[in-house]
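*Asks:* The structure is given below, and queries will be raised subsequently.
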């Protein structure tokens, strides 16, 4: 619909400036029938009511983001990737992607790709907007709370032997058996048996079993339960109770932890993670960023009806997002 409106408004503006027929009141004639004539001005006024402010801001934002972002390389790569994903999805369902594009109001793939590029650039300028609000205190706090040195460790995984089609009763029985087996292996360790030997003979993690269960544990690269248990262990100690995760029951042995990387080496990554977190927690930020950018470029609307529609659309976006943010906060606290 947005695409159709954009084409329609552009057509009105072009026709209004061309050598078309003129009505007695000086307005440009755009269509006529028996007993009725429609001017370009009438059509424009009607289009204003049907999403004109949205079309206008899309045109404005397209200009602004292209001024703010000098290269299209990343945006084009993103658009190509998304376009291919859409094609594969439609193909997998036996649907005609080109027909879907036409039904959605896009003339062709290139037209749709332009929309994807615009959306990508909007996201980038929103991220840049958030970055400007990040302080050194924010960065230092994230560094202290979330950056750790990698941990050299070993583990043994015992997975429940039940597939997705098994009954709840069978799944529960498999869980209990896996836990009991892990507990028996811990008792063997307590008696002094070799951890790596036990891992090679028993671990269901085939990627590490052949190496005696050895792996490098990086914060964020493993499930929380595994990380928390490993991080709490002392060097040279193993978990005395099986650690349950979505994969099964783990016995974890901590070898040693490396020093955390210097702040200078991870600062850019930290900023990116803070930005992602802020955008996830506050869905109004993209709207706020674009509104502020429009102000920066001295965007002004001369038409009072379009101005009212624009204000209403911005307020609606901010209020809707605020409601979603409140619901997300409430859900996360529960």
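*Asks:* When the residues of the stretch 90-117 are narrowed to those that are assigned to a loop (DSSP other than H, G, I, E, B) and in contact (Cβ under 8 Å) with a residue 60 or more places away in the chain, which ends up surrounded by the most Cβ atoms within 10 Å (Cβ to Cβ)?
*Replies:* Taking the stretch 90-117 first, the residues assigned to a loop (DSSP other than H, G, I, E, B) are 93-96, 104-108.
Narrowing the set further to residues that are in contact (Cβ under 8 Å) with a residue 60 or more places away in the chain leaves 104-107.
Numbers: 104: 14, 105: 15, 106: 19, 107: 12.
Top of the filtered list is 106.
*Asks:* Return the residues of the stretch 203-219 that are closer than 24 Å to residue 146 by Cα and touching a helix residue (DSSP H, G or I) at 6+ places or on another chain (Cβ under 8 Å); say none if nothing qualifies.
*Replies:* 214, 215, 217, 219 - these are the residues of the stretch 203-219 that are closer than 24 Å to residue 146 by Cα and touching a helix residue (DSSP H, G or I) at 6+ places or on another chain (Cβ under 8 Å).
*Asks:* Same structure again: Kindly indicate whether any position in the stretch 118-140 is part of a helix (DSSP H, G or I), surrounded by 12 or more Cβ atoms within 10 Å (Cβ to Cβ) and over 23 Å from the mean Cα position of the chain (by Cα).
*Replies:* For the stretch 118-140, residues part of a helix (DSSP H, G or I), surrounded by 12 or more Cβ atoms within 10 Å (Cβ to Cβ) and over 23 Å from the mean Cα position of the chain (by Cα): present.
*Asks:* Residues in the stretch 35-49 that are surrounded by 14 or more Cβ atoms within 10 Å (Cβ to Cβ) and within 36 Å of the chain's Cα centre (by Cα): how many?
*Replies:* Total meeting the criteria: 2.
*Asks:* Failed condition for residue 92, given (1) closer than 23 Å to residue 299 by Cβ; (2) out of contact with any helix residue (DSSP H, G or I) (no Cβ under 6 Å at 6 or more places or on another chain), with all others met?
*Replies:* (1)
*Asks:* Within the stretch 237-249, can you find the residues that are out of contact with any strand residue (DSSP E or B) (no Cβ under 7 Å at 6 or more places or on another chain) and exposed (fewer than 14 other Cβ atoms within 10 Å of the Cβ)?
*Replies:* Answer for the stretch 237-249, where residues must be out of contact with any strand residue (DSSP E or B) (no Cβ under 7 Å at 6 or more places or on another chain) and exposed (fewer than 14 other Cβ atoms within 10 Å of the Cβ): 240, 241, 246.
Conditions tested, residue by residue: (1) outside the structural domain of residue 157 (by TED's automatic domain parsing); (2) assigned to a loop (DSSP other than H, G, I, E, B); (3) in contact (Cβ under 8 Å) with a residue 12 or more places away in the chain; (4) touching a strand residue (DSSP E or B) at 6+ places or on another chain (Cβ under 7 Å).
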site	(1), (2), (3), (4)
212	no, yes, yes, yes
216	no, no, yes, yes
221	no, yes, no, no
229	no, no, yes, yes
235	no, yes, yes, yes
251	no, no, yes, yes
274	yes, no, yes, no
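*Asks:* Same structure, new question: Within the stretch 193-210, restricting attention to residues that are touching a strand residue (DSSP E or B) at 6+ places or on another chain (Cβ under 6 Å) and not in a helix (DSSP H, G or I), which residue is surrounded by the fewest Cβ atoms within 10 Å (Cβ to Cβ)?
*Replies:* Looking at the filtered set, the residue picked out is 204.
The values are calculated or read from the model by the stated rules, or taken from the named source; none is laboratory data. Given the structure is predicted, the values throughout are model-derived calculations rather than measurements. In this analysis, Cβ positions are derived from the backbone assuming ideal geometry, glycine residues included, and neighbour counts consider all displayed protein chains.
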